[in-house]
1. I want the local charge near Val43. Using Cβ-Cβ distances under 12 Å, sum +1 for each Lys or Arg and -1 for each Asp or Glu among the other residues.
2. Taking Cα pairs under 8 Å and at least six residues apart, what relative contact order does the chain come out at, in percent?
3. Summing +1 for each Lys or Arg and -1 for each Asp or Glu, what net charge is found among the other residues whose Cβ lies under 12 Å from the Cβ of Asp56?
4. Order the peptides 46-58, 3-15, 25-37 from the highest to the lowest mean number of other Cβ atoms within 10 Å of their residues.
5. Taking the Cα centre as origin and putting +1 on Lys and Arg beta-carbons and -1 on Asp and Glu beta-carbons, what dipole magnitude results for the chain, to the nearest 20 debye?
6. Based on alpha-carbon atoms only, what is the radius of gyration of the chain relative to the globular estimate 2.2 N^0.38 Å?
7. With point charges of +1 on the Cβ of Lys and Arg and -1 on the Cβ of Asp and Glu, referenced to the Cα centre of the chain, which listed residue (Ala65, Ile51, Val83) lies farthest in the positive direction of the dipole?
Amino acid sequence: MAIYRTDRIMGSDKTPEQAVLGGDGRWRLTWLPEFGLTTDQAVSGLRLDEILSDPDLVYDRMALAEATTCADRIGIILELAMVRLWKRLNSAIALCGLFLARLA
């Protein structure tokens with residue numbers, strides 16, 4: 001898992017979520033846009049997404065501990081992150097379904 005960064009965007013090679021630098025100098029995660037974050041918090045948010053998106057880590061206690069720490073760094077509880085990311089995934093799947101239905 002690798003997080004990349006440009007001057008205005010951060011992302012991951014494992015998930016489609018990103019952090020975008022706003023005009024106020026704060027980072028906004030695509031899955032948690034209402035929070036203005038520092039650079040370190042944005043990295044923690046992306047790392048959290050990577051951990052929760054990896055099926056191989058579902059029962060990995062160390063990964064879940066890291067996910068909890070990442071959530072703490074951005075000021076939310078782990079369960080909220082899980083729900084928010086799950087909703088984004090469901091929305092993306094629904095949009096793909098609509099697109100494919102129109103192609104048929």
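1. Details: positive: Arg5, Arg47, Arg73; negative: Asp40, Asp49, Glu50.
Result for the local shell: 0.
2. On the way: 123 pairs, mean separation 17.9, N = 104.
Worked out over the chain, it gives 17 percent.
3. On the way: positive: Lys14; negative: Glu50, Asp54, Asp60.
So the environment of Asp56 carries a net charge of -2.
4. Details: 46-58: 18.3, 3-15: 13.8, 25-37: 16.7.
With the highest mean Cβ count within 10 Å placed first, the list reads 46-58, 25-37, 3-15.
5. Numbers: 12 positive and 14 negative charges, 75 e Å.
Charge dipole, the chain, about its Cα centre: 360 debye, nearest 20.
6. Details: Rg = 14.5 Å, N = 104, 2.2 N^0.38 = 12.8 Å.
That works out to 1.13 for the chain.
7. Val83
Read the figures in this text as sums done on the coordinates, not as results from a lab. None of the values given here were measured: they were computed from a predicted structure. Note that we place each Cβ from the backbone using ideal geometry, even for glycine, and neighbour counts take in every protein chain shown.
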